[in-house]
Amino acid sequence: MIVGTFFFINNSLFKEKFSEIPSIVSSEEMENFLYRDPGIINQMQNELSGRGYEYRILIAAYSKENIQMKIILLNKEATELEQNRVKSIFHELVEKSNLNLKSFTLKVNDSYDGPDW
């Protein structure tokens, strides 16, 4: 009986934890959210290219509230100054697009950095 009670309590806690997980959006919805005209990624690409940056953007989008981005600078060293410049551009675009800045995690590195997030 004690074992049965343990499984019942444990199962209830397990269900509660999963009910707190935000619903997952489809890849099409996420693509529209990030790339729609003018999506935040398109805007960022335009701004960086217009300022002479060569770059790659990596995205791990788990939901609209949890998007990780890594911008890899190809023609500039990712000094603290350059990182701050790129982050400032991104923050301005997020604000202008009325998006929640807390939904994004942004890292800026150069091509010498490893593949970590």
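In the range 44-71, which residues are open to solvent by less than 30 Å² (accessible area, probe 1.4 Å) and within 17 Å of His91 (Cβ to Cβ)? If you could, list the steps in order and put the result at the bottom.
Quick first cut of the range 44-71, residues open to solvent by less than 30 Å² (accessible area, probe 1.4 Å) only: 44, 48, 53, 60, 63, 67, 69-71.
Within the range 44-71, Met44, Leu48, Tyr53, Ile67, Met69, Lys70, Ile71 meet the criteria.
What about Ser49, is it at pLDDT 80 or above and among the hydroxyl-bearing types (Ser, Thr, Tyr)?
On the way: at pLDDT 80 or above: yes; among the hydroxyl-bearing types (Ser, Thr, Tyr): yes.
So Ser49 passes the test.
Taking the residues in the range 94-114 that are out of contact with any Phe, Trp or Tyr (no Cβ under 7 Å at 6 or more places or on another chain) and among the β-branched types (Val, Ile, Thr) as candidates, determine which candidate is most open to solvent (accessible area, probe 1.4 Å).
Only one residue tops the list, namely Thr105.
Scan the range 72-93 for residues that are hydrophobic (A, V, I, L, M, F, W, C) and open to solvent by 80 Å² or more (accessible area, probe 1.4 Å) and jot them down. Working first, answer last.
Just the residues of the range 72-93 that are hydrophobic (A, V, I, L, M, F, W, C), to begin with: 72-74, 78, 81, 86, 89-90, 93.
Leu81, the sole residue that qualifies.
Which condition number does Ser88 fail, the rest of (1) among the hydroxyl-bearing types (Ser, Thr, Tyr); (2) within 30 Å of Ser26 (Cβ to Cβ); (3) at pLDDT 95 or above being met?
With (1) among the hydroxyl-bearing types (Ser, Thr, Tyr); (2) within 30 Å of Ser26 (Cβ to Cβ); (3) at pLDDT 95 or above applied to Ser88, the lone miss is (2).
The values are calculated or read from the model by the stated rules, or taken from the named source; none is laboratory data. Small disclaimer: the values here were computed from a predicted structure and weren't measured. Methodologically, a virtual Cβ is constructed for each residue, glycine included, from the backbone with ideal geometry; neighbour enumeration extends over all protein chains shown. Each accessible area value is taken on the protein alone, full model and side chains, heavy atoms only, with ligands, DNA and RNA left out. Shrake-Rupley method; radii C 1.70, N 1.55, O 1.52, S 1.80 Å.
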